[in-house]
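The values are calculated or read from the model by the stated rules, or taken from the named source; none is laboratory data. This structure is a prediction, so every number in the text was calculated from the model and none was measured. A quick note on method: Cβ atoms are made from the backbone with ideal geometry, for glycine too, and the neighbour counts reach across all protein chains shown.
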Amino acid sequence: MLVSAKEMLNKAREGKYAVGQFNINNLEWTKAVLLTAQENNSPVILGVSEGAGKYMGGYKTIVGMVNGMLEELNITVPVALHLDHGSYNGALKVIEAGFSSVMFDGSHYAIDENIEKTTEIIKIAGEKGISVEAEVGSIGGEEDGVVGAGEVADPSECKSIADLGVTMLAAGIGNIHGKYPENWKGLDFDVLAKINEMTGDMPLVLHGGTGIPEDMIKKAISLGVSKINVNTECQLTFAAATRKYIEEGKDLVGKGFDPRKVLAPGFEAIKATVKEKMELFGSINKA
């Protein structure tokens with residue numbers, strides 16, 4: 001059954017590793033992430049953007065699909081189903097639909113309104129045992145229509161949000177969604193250290209996990225990052241494997257068009273990417 005992300009992230013922070021959030025976009029992605037987590041005895045978070053939720057037929061459809069896979073595939077590792085960069089209304093909808101975790105992204109509001117709306121989501125989610133992620137300082141780049149300017153968070157504002165009782169906190173420290181440009185300055189570890197100091201034992205979240213060098217990932221984990229989001233890398237590997245299969249023309253001429261065969265290479269590519277990230281994050285055999 002789906003679980004809140006709270007316990008897995010508290011264990012990760014204490015154990016100095018991070019749990020991967022891997023965004024899902026269809027059945028193949030979901031199955032690949034769940035099977036890889038089970039094979040590597042790793043806790044995992046399935047991320048769903050509002051755009052992906054709409055694409056997959058709605059939040060209740062996603063909850064039904066994931067719960068069905070947990071049972072049919074005999075998944076026993078901890079799995080949280082999490083709304084990624086949710087609006088206020090989106091957060092309310094996934095809570096009602098049966099998600100076990102939710103991110104309310106109020107980073108584009110003034111801090112007072114961010115606090116007000118985050119407080120409301122915490123109260124509603126808390127009554128159902130659902131974990132809550134909040135954000136301070138928008139994450140740069142664009143992901144599924146959500147655009148951030150890449151602000152570096154104010155540690156004092158992070159403390160104000162953390163003190164509300166959120167489960168985890170995403171703070172902008174120079175990280176961006178999508179591919180990192182060649183002139184990227186890197187993560188601001190001075191700010192991360194200050195945020196870590198001011199928020200106590202709060203598990204911190206690093207968005208834009210694709211393309212960040214390994215040494216920076218490990219340093220971020222040492223400074224309290226307990227959840228790292230990966231989406232772009234899965235998109236790239238899935239697309240590349242699918243494109244290669246189609247360009248080679250296998251099973252497409254004379255044998256009909258079988259989407260199960262066409263999507264199989266992408267499925268395996270997602271599995272390989274997820275395992276690689278779990279190894280980097282140190283979450284293997286932590287379930």
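Can you tell me which residues in the stretch 1-29 are touching a Pro at 6+ places or on another chain (Cβ under 6 Å) and crowded, with 20+ Cβ neighbours inside 10 Å? Give the derivation first.
Just the residues of the stretch 1-29 that are touching a Pro at 6+ places or on another chain (Cβ under 6 Å), to begin with: 3, 8-9, 13, 19.
The answer is MET8, LEU9, ARG13, VAL19.
So is THR76 over 14 Å from the mean Cα position of the chain (by Cα), more than 30 Å from ASP163 (Cβ to Cβ), surrounded by fewer than 18 Cβ atoms within 10 Å (Cβ to Cβ) and among the β-branched types (Val, Ile, Thr) or not? Yes.
Looking at the stretch 1-24, which of its residues are without any contact (Cβ under 8 Å) to a residue 60 or more places away in the chain and either farther than 19 Å from ILE95 by Cβ or in a helix (DSSP H, G or I) (or both)?
Applying the first criterion (without any contact (Cβ under 8 Å) to a residue 60 or more places away in the chain) to the stretch 1-24 yields 14, 24.
Across the stretch 1-24, the qualifying residue is only GLU14.
Among the residues making up the stretch 155-176, those that are in a loop (DSSP other than H, G, I, E, B) and either closer than 29 Å to GLY129 by Cα or modelled with pLDDT of 95 or more (or both) are ASP163, LEU164, GLY165, VAL166, THR167, GLY172.
From the list ASP215, ASP201, the lone residue that is among the acidic types (Asp, Glu), over 19 Å from TRP29 (Cα atoms) and assigned to a helix (DSSP H, G or I) is ASP215. Of LYS123, LYS54, LYS93, all but one fail to be surrounded by 15 or more Cβ atoms within 10 Å (Cβ to Cβ), modelled with pLDDT of 95 or more and farther than 27 Å from LEU187 by Cβ; the exception is LYS93.
Might you check whether a residue that is in contact with a Ser or Thr (Cβ under 7 Å, 6 or more places away or on another chain), not basic (Lys, Arg) and not in a helix (DSSP H, G or I) occurs anywhere in the stretch 54-70? No - not one qualifying residue is present in the stretch 54-70. If you check THR118 against the conditions, is it hydroxyl-bearing (Ser, Thr, Tyr), surrounded by fewer than 19 Cβ atoms within 10 Å (Cβ to Cβ), modelled with pLDDT of 95 or more and part of a helix (DSSP H, G or I)? No; evaluated as a whole, the condition is false for this residue. Of all residues in the stretch 30-51, those being surrounded by fewer than 18 Cβ atoms within 10 Å (Cβ to Cβ) and touching a Gly at 6+ places or on another chain (Cβ under 7 Å) number 1. When the stretch 161-213 is examined, which residues are found to be of a type in the set (Lys, Arg) and surrounded by 15 or more Cβ atoms within 10 Å (Cβ to Cβ)? Selection gives LYS194 alone.
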